[in-house]
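The values are calculated or read from the model by the stated rules, or taken from the named source; none is laboratory data. Since the structure is predicted, the reported quantities are computational estimates derived from the model, not experimental observations. All Cβ positions, even for glycine, are placed from backbone atoms using ideal geometry, and neighbour counts span all protein chains on display. Ligands, DNA and RNA are stripped out before the accessible areas are found, and what is left, the full protein with its side chains, is counted by its heavy atoms. Shrake-Rupley method; radii C 1.70, N 1.55, O 1.52, S 1.80 Å.
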Amino acid sequence: MNIPANLKYTKDHEWIMLDGEIATVGITDFAQKELGDIVYVEVETLDQTLDKDEVFGTVEAVKTVSDLFLPMAGEIIEFNDSLETNPEVVNSDPYGAGWMIKVKVSNAADFQELLDSEAYAALIGA
């Protein structure tokens with residue numbers, strides 16, 4: 001199970017990387033394995049400002065659809081357009097090419113409240 005130490009995590013299995021006031025968000029390796037083959041990623045919140053833990057989109061796998069929850073409040077400024085034609089990259093590279101959105105964060109202090117890699121590993125029993 002891949003749980004990079006340089007990222008933060010949520011109990012809902014999103015990962016987040018903060019670079020200044022811009023955060024990149026995706027789903028974890030654990031989440032993509034639990035979902036199975038991902039066939040569609042939908043984000044209709046581009047250019048919207050959402051609160052922490054609000055639904056920013058959905059990910060659809062062969063057998064299920066799951067909501068995606070925003071780890072930090074902010075404005076959704078970018079969607080990974082390549083996921084429209086190649087959603088399966090979330091399965092093969094969830095922490096790289098499979099990123100989902102970029103967010104201009106409202107409160108950088110929210111970052112400290114997220115799980116580190118050890119706490120996330122404990123959460124999923126890894």
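Determine if region 81-90 includes at least one residue that is more than 27 Å from ALA122 (Cβ to Cβ), part of a strand (DSSP E or B) and either open to solvent by less than 60 Å² (accessible area, probe 1.4 Å) or at pLDDT 95 or above (or both).
First, pick out the residues of region 81-90 that are more than 27 Å from ALA122 (Cβ to Cβ): 81-89.
Filter once more, keeping what is part of a strand (DSSP E or B): none.
No, region 81-90 contains no residue that is more than 27 Å from ALA122 (Cβ to Cβ), part of a strand (DSSP E or B) and either open to solvent by less than 60 Å² (accessible area, probe 1.4 Å) or at pLDDT 95 or above (or both).
Look at region 21-37: where a residue is on the phi > 0 side of the Ramachandran plot and a partner is open to solvent by 30 Å² or more (accessible area, probe 1.4 Å), sitting 6+ places away or on another chain with Cβ atoms under 8 Å, you get GLY36/VAL62; GLY36/LYS63; GLY36/THR64.
For region 41-61, the condition holds for at least one residue, the condition being that it is more than 22 Å from GLU84 (Cα to Cα), under 12 Å from the mean Cα position of the chain (by Cα) and not small (Gly, Ala, Ser).
If you go through region 59-80 and keep only what is farther than 18 Å from THR10 by Cα and part of a loop (DSSP other than H, G, I, E, B), you end up with VAL62, LYS63, THR64, ASN80. Which one is nearest to ASP47 (Cα to Cα) among residues in region 99-124 that are at pLDDT 95 or above, in contact with a Leu (Cβ under 8 Å, 6 or more places away or on another chain) and assigned to a helix (DSSP H, G or I)? Within region 99-124, the match that is nearest to ASP47 (Cα to Cα) is SER117.
Applying the selection to region 59-80, what residues are open to solvent by less than 60 Å² (accessible area, probe 1.4 Å), among the β-branched types (Val, Ile, Thr) and farther than 13 Å from ALA31 by Cβ? Selection gives ILE76 alone.
With respect to the conditions (1) closer than 16 Å to ASP19 by Cβ; (2) touching an Asp or Glu at 6+ places or on another chain (Cβ under 7 Å); (3) surrounded by fewer than 21 Cβ atoms within 10 Å (Cβ to Cβ); (4) modelled with pLDDT of 95 or more, GLY96 lacks only one, and its number is (2).
Of everything in region 4-58 that's of a type in the set (Gly, Ala, Ser) and part of a strand (DSSP E or B), which residue is surrounded by the fewest Cβ atoms within 10 Å (Cβ to Cβ)?
Residues of region 4-58 that are of a type in the set (Gly, Ala, Ser), as a first pass: 5, 20, 23, 26, 31, 36, 57.
Now narrow it down to the ones that are part of a strand (DSSP E or B): 23, 26, 57.
On the way: ALA23: 23, GLY26: 28, GLY57: 21.
Step by step, filter region 4-58, then rank; the result is GLY57.
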